[in-house]
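The values are calculated or read from the model by the stated rules, or taken from the named source; none is laboratory data. All figures in this text were calculated on a predicted structure; none of them were measured in a lab. As a convention, Cβ positions derive from the backbone with ideal geometry for all residues, glycine included, and neighbour counts pool all protein chains shown. Ligands, DNA and RNA are excluded from the accessible area calculation, which covers all protein heavy atoms including side chains. Shrake-Rupley method; radii C 1.70, N 1.55, O 1.52, S 1.80 Å.
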Amino acid sequence: MNDPKLYRIVRPVLAFFFRLIYRPTTVGAENIPKEGKIVLAGNHTHVLNCFSVGFSTKRCVRFIAKAELMNGIGKYIFPGLGIIPLDRSTNGKEAISSAEKCLEEGNVVAIFPEGTVNRTDKPMMPFKGGAVKIAADTGCDIVPFAITGQYKPFKKGLKITFLPKITVEKGSLKATNKLLEETVLNVITKEGN
């Protein structure tokens, strides 16, 4: 896949202002390997979650996101940020293929398995199986993450926790997806989010 040059240019500035405004606490970032392919997967609480995840590591993180972001001016911005567009009308086949190619090149791909921002009164929505499938297809591990707290400017409380990696076995996708979901939910429940 093309190198997301815009991401590399704007990341330091955006990261500085994001940390200044939202003051996130990051726990377990050492669980993200410094090199090699890895899938990051966790809950989706807010449209700013991609910044919380992406700025937690020095590595370039490619996000799978809805294809609608590529409409209008987005088609000039988001490809340069390394976004992998997901077309829901095709069950995301092209996004899965692009994500797998990206991983085979040794990159980091982040996925929000809930599929959209959680606007329900539940702590987390059920995880779809895409993250586990992609990890199994490419033979890489998943680092789960849990985002807790609120995005309140200049107030502490926002926290992102990265957990030890989960290895995916090809014959146990459903069980692994359940493990991933429970791992993330346990942290959210513990944090009282």
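Under the condition of being open to solvent by 60 Å² or more (accessible area, probe 1.4 Å), under 20 Å from the mean Cα position of the chain (by Cα) and of a type outside the set (Asp, Glu), the residues counted in the range 139-193 number 12. Mind checking whether some residue in the range 127-135 is farther than 19 Å from PRO33 by Cα and in a helix (DSSP H, G or I)? Taking every residue of the range 127-135 in turn, at least one turns out to be farther than 19 Å from PRO33 by Cα and in a helix (DSSP H, G or I). Cβ-Cβ distances below 7 Å connect the following pairs, each with a first residue in the range 1-30 that is closer than 21 Å to CYS102 by Cβ, a second residue that is open to solvent by 80 Å² or more (accessible area, probe 1.4 Å) and at pLDDT 90 or above, and a separation of six or more residues or different chains: MET1/LYS101; MET1/GLU105.
For ALA136, are the conditions met, namely being in contact with a helix residue (DSSP H, G or I) (Cβ under 7 Å, 6 or more places away or on another chain), more than 23 Å from SER56 (Cβ to Cβ) and open to solvent by less than 30 Å² (accessible area, probe 1.4 Å)? Yes; evaluated as a whole, the condition is true for this residue.
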